[in-house]
Every structure is written in C-alpha cells, then in structure tokens.
Amino acid sequence: MKAMDIKAKSCCVTGHREIPAEKMDYVKQELKREVQVALEDGYKVFLTGFADGVDIIFAWCVIERRDEYPDIFLEAVMPFANRVKRLKKDERELLSQCNGVKVICEKYQRDCYFQRNRYMVQQSSRIIAVYDGRGDGGTLLTMDYARAMGRDLRIIEM
C-alpha cells in the first residue's frame, strides 16, 4: 500500500491504549460521533497510529462510514516496520482495509512512537484526542503539539 498525498482536509486520533471496561461504550460512541462530525465538516482523510485501544476503535469507526462516504482515505501510520508482524488477526484485517500505510522508522527506535505522533499532527488539520487527564504520556504530548501547531483539537474526556 502507498502512503497518502495530503491534499484534503485530514484528521488524526490520539488516545490511550487501555480503556476501562466501563468507559468502552462511551469512547466508541464519542469516536463515532467525532468521525461523523468530521465527515460532515468535509474531512475525507483520516490517520490512525494503529495502536491498541483508541487508534483501533477510531479506524473501525472510519471504515464503518465507507458505505455512505466511499471516498474516505484511511492511512495506518506505523511507528516501525516490524510493528505489522505484531498485529492480531482482526487488526491485520483492519490494516487490509486501509487505503495507505506510512512507516515512520524502518527499525524500532526509542522515539519512533513520538515521531509517529508528530507526523500525524503535521499531516492533520484536526486532531481527536481521547484523554483521561493524566499528566504525562504520549497522548498529552500529542495534544500539546497539536495546540502548538494551531490545530483544531477536539477532546473526548474519559
């Protein structure tokens, strides 16, 4: 698969890998709502970091809208090449439904996830964040970077 060419409005997601069971339905509902709002706002390009939790749920939410919006472009942004080998069967199926795959680092590097998150913000005009309020971590850093870049940041509080 090829990486996308950024020419349309684009939207990415950031969020936590672990979602408490009692919050799962809420997170899914809110991600579906945010994807629908983005589509109604003219967004056609969506990026997911393809990590467990929020990223995977977001990707499924985008895929579910393809019947009504067949021109959706979904890109999986992999932090390193061998990450694909670690995917579960259902995640491999999801990956096969993506329009493009962008690999940030050929080999694992200590900051490859950080580089992936920066790439997604740089390529996106809207960032959807699922955030539980913790004072550190990749989600918070990505939100801070989105703010610094002047992006439209939409936060789903858990």
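None of the figures in this text is laboratory data; all of them are computed from the coordinates on show. Since the structure is predicted, the reported quantities are computational estimates derived from the model, not experimental observations. Note that each Cβ is placed from the backbone with ideal geometry, even for glycine, and that neighbours are counted across all protein chains shown.
Structure data summary
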read-out: Simple spin-label estimate for PHE114 and LEU141 in nanometres, 7 Å along Cα-Cβ; value: 0.5
read-out: Listed residue pairs exceeding 26 Å between alpha carbons, taken from LYS32/LYS89; LYS28/LYS89; LYS23/LYS89; LYS32/LYS88; LYS32/LYS102; LYS23/LYS107; value: LYS23/LYS107
read-out: Mean residue ellipticity (222 nm) of the chain, computed from DSSP H runs ≥ 4 via -39,500 (n - 2.57), nearest 500; value: -12500 deg cm²/dmol
read-out: Global size of the chain as Cα Rg and Dmax, reported in angstrom; value: 14.3, 40
read-out: Separation in nanometres of the label points that stand 7 Å from Cα toward Cβ, at ASP41 and GLU157; value: 1.9
read-out: FRET E, pair LYS9, LYS89, Förster distance 30 Å, beta-carbon r, rounded to 0.05; value: 0.40
